[in-house]
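Below is one structure, written out as structure tokens; the observations come after it.
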Amino acid sequence: MRALALVLVIFAARYFFVPPLWLRPPLPPAVRALLQGPAADAARELAPNLYAQHRGWLLVHIAGGSIAMMLGLVQFIASVRSARPAVHRALGTIYLGVVVLASVAGFRIALAMPAAVPADVRSRFMPVTIAFLALSVVWLTVTIAAYRRARQRRFDEHRAWMIRSYSLTFAAVTTRLLAPVFLFLFDDPVTGTTAGLLTWPLNLVVAEWLIRRSGEPVPAAPRAAWPPRSAAPH
């Protein structure tokens, strides 16, 4: 997981170069021969068009997702939670902030996707838009649920919700790993991209399996991780 997360973060950093690097990945001639037609052309131009038209939202989404990806890995290290609870708490707050930014930006980018492709193929991209919208909403909702459990000192539930949250953060990796498989299965970039994006619920399934496999999926942070609530006045 750490290696895949690091590779994705480095790969995503290309958007921050001026000009951005490799927005149109070179394809072998055999693959280009399979991907013909207006929809294939639109799929190849989707990322460059979004970058040109919504650069700020795209960079916020990428930066927030990348930071969340790396912070999440640190948060699951038991020694950090047990030895440095204040660090764990501070990093968790940053994780919440960047997920909020990345999910809101992702929602905005999803709404902009239809306008970034020609009108004659726009309907084919609607499942991609819906999948990205749903992921943004669920990612934000699950992460806020994890934060609220921590504030309520319900730490067992907090750990479970954080596993769910990071599984959705990690969807950036798994959808990209599966999309090429669907691309070669369907010989169509739109169908392949859609199928890849629609696999993000599988991450939640794996997260639930990890949570339910054991009552203690990860060691608990000490109770000092969050300051005690003030006593009610008498």
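Can you find, within the range 76-109, the residue that is modelled with the lowest pLDDT among those that are surrounded by 19 or more Cβ atoms within 10 Å (Cβ to Cβ) and of a type outside the set (A, V, I, L, M)?
Across the range 76-109, the extreme among qualifying residues is Arg81.
Based on this model, can you work out whether Ala47 counts as in contact with a Lys or Arg (Cβ under 9 Å, 6 or more places away or on another chain) and either without any contact (Cβ under 8 Å) to a residue 40 or more places away in the chain or among the small types (Gly, Ala, Ser) (or both)?
Against the criterion (in contact with a Lys or Arg (Cβ under 9 Å, 6 or more places away or on another chain) and either without any contact (Cβ under 8 Å) to a residue 40 or more places away in the chain or among the small types (Gly, Ala, Ser) (or both)), Ala47 qualifies.
Taking the range 119-128 as the search range and keeping residues that are of a type outside the set (Val, Ile, Thr) and in contact (Cβ under 8 Å) with a residue 40 or more places away in the chain, which one is surrounded by the most Cβ atoms within 10 Å (Cβ to Cβ)?
Among those that are of a type outside the set (Val, Ile, Thr) and in contact (Cβ under 8 Å) with a residue 40 or more places away in the chain, it is Phe125.
Kindly indicate which of Ala146, Ala112, Ala131 is buried (at least 21 other Cβ atoms within 10 Å of the Cβ), farther than 21 Å from Tyr95 by Cβ and under 21 Å from the mean Cα position of the chain (by Cα).
Ala131
Which members of the range 87-118 meet the condition of being in contact (Cβ under 8 Å) with a residue 40 or more places away in the chain, aliphatic (A, V, I, L, M) and over 20 Å from Thr169 (Cα atoms)?
Residues satisfying the conditions are Ala112, Met113, Ala115, Ala116, Val117.
Only one residue in Arg159, Arg164 is within 23 Å of Arg2 (Cβ to Cβ), in a helix (DSSP H, G or I) and modelled with pLDDT of 95 or more, so which one is that?
Arg164
Please work out if Thr143 is touching a Phe, Trp or Tyr at 6+ places or on another chain (Cβ under 9 Å), in a helix (DSSP H, G or I) and either among the hydrophobic types (A, V, I, L, M, F, W, C) or in contact (Cβ under 8 Å) with a residue 60 or more places away in the chain (or both).
No; evaluated as a whole, the condition is false for this residue.
The values are calculated or read from the model by the stated rules, or taken from the named source; none is laboratory data. The model shown is predicted, which means the values in this text are computed figures rather than measured ones. Cβ coordinates were reconstructed from backbone atoms using ideal geometry, including for glycine residues, and neighbour counts include every protein chain displayed.
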